[in-house]
1. With the requirement that a residue be touching a residue at least 24 places away in the same chain (Cβ under 8 Å) and part of a loop (DSSP other than H, G, I, E, B), what does segment 11-33 give you?
2. Given 251, 265, 275, which one is more than 21 Å from residue 52 (Cα to Cα) and at pLDDT below 95?
3. Among all residue pairs at least 6 apart or on different chains, which show Cβ distances below 8 Å where the first residue, located in segment 39-67, is among the basic types (Lys, Arg) and the second is part of a helix (DSSP H, G or I) and buried (at least 23 other Cβ atoms within 10 Å of the Cβ)?
4. Restricting to segment 84-112, what's the tally of residues that are more than 18 Å from residue 4 (Cα to Cα) and free of Cβ contacts under 8 Å to residues at least 40 places away in the same chain?
5. Give the residues of segment 5-35 that are crowded, with 20+ Cβ neighbours inside 10 Å and either in contact with a Leu (Cβ under 9 Å, 6 or more places away or on another chain) or closer than 20 Å to residue 84 by Cα (or both), sorted by residue number.
6. All but one of (1) part of a loop (DSSP other than H, G, I, E, B); (2) at pLDDT 95 or above; (3) surrounded by 16 or more Cβ atoms within 10 Å (Cβ to Cβ) hold for residue 236; which doesn't?
7. Let me spell it out: the conditions are (1) farther than 25 Å from residue 165 by Cβ; (2) touching a Lys or Arg at 6+ places or on another chain (Cβ under 9 Å), and residue 3 meets all of them except one. Which number is the exception?
8. Among (1) closer than 22 Å to residue 100 by Cα; (2) part of a helix (DSSP H, G or I), where does residue 177 come up short?
Amino acid sequence: MEPLVLYVLDLASGAAPDLALRRVPARETVLTATDLSATRGDGVFETVLVVDGTPQALEEHLDRFARSAALLDLPDPRRDLWRHAVLTAAAELGTLRPRAAIKFVLSRGDEAGDGAGTGWLLGFAPSAPPAAPPAPIDVVLLDRGYRHDVAQTSPWLLQGAKTLSYAVNMAALREARRRGAQDVVFVSSDGFVLEGPTSTLIVRIDGGYLTPPPDLGILPGTTQADVFAALRGWGEQVATRRLTVPDLLGADAVWLCSSTRGAAAVRSIDGTEFAVDDVLTERLRDHLDARRK
């Protein structure tokens with residue numbers, strides 16, 4: 001990841017958006033050693049793809065940002081402020097790279113702070129440009145260790161919130177690499193298919209396209225929603241429903257979707273091989289890159 005632009009938000013003053021946003025050098029230190037994002041991972045974030053200076057699916061990301069903040073009992077993010085900040089950073093990124101991303105973060109703030117929290121945005125470019133189209137990926141199934149209804153039975157576990165506590169997700173990706181794969185699909189302890197560490201699952205079964213529902217304690221996928229919108233527009237059948245491991249392994253085709261990667265075709269899961277639909281994958285990639293919202 002190559003840092004390109006960095007903005008810090010003044011969350012305490014209540015100032016107008018243009019006055020509450022400060023541009024700083026991209027590698028400047030902006031956190032104290034006692035900020036709870038650093039010491040506890042206590043905060044939430046979103047990552048938005050930026051194409052030619054336009055942030056993709058921004059309103060959907062802001063919706064999910066607010067939902068995650070509410071799940072963590074964080075201050076309600078000022079939508080006008082965060083929107084202005086992302087649009088400002090995206091406009092600057094557009095002068096630097098045709099394709100980049102913005103990570104925007106709300107932390108609970110310093111342990112001895114005023115409770116307003118800490119906010120910042122980092123605009124960055126990948127260390128290497130993405131392949132066009134990206135190579136199909138190999139995936140392993142890993143048990144997340146929770147039942148499918150954990151979001152209802154144990155909401156304090158924060159399943160479905162996009163928090164800064166990503167140590168488990170990164171450990172899962174390292175395990176995938178140890179097994180000779182590139183990514184993971186999590187499974188509940190009672191056998192329901194969930195999501196990837198940084199992605200949402202889409203499968204094609206009997207010609208229809210399916211994704212697991214958010215009530216399983218997974219993140220609502222912004223890219224998945226845009227893929228489904230495209231598929232509906234092309235006359236395809238889409239639906240959200242629970243999937244078991246046999247459902248997944250019997251699928252006709254599989255994709256993992258995320259903001260920065262788009263729709264990545266899956267070549268195999270735990271050694272079970274899938275047909276790779278290069279034509280549809282490229283069509284989805286073109287659709288996602290052409291979004292202007």
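The values are calculated or read from the model by the stated rules, or taken from the named source; none is laboratory data. The structure presented is a predicted model; accordingly, all values stated were derived computationally and were not measured. As a convention, Cβ positions derive from the backbone with ideal geometry for all residues, glycine included, and neighbour counts pool all protein chains shown.
1. Within segment 11-33, 11, 12, 17, 18, 20, 26, 27, 30, 31, 32 qualify.
2. 275
3. 64/222
4. 0
5. 5, 7, 9, 11, 20, 21
6. Result: residue 236 fails condition (3) only.
7. Result: residue 3 passes all but (1).
8. The failed condition is (1).
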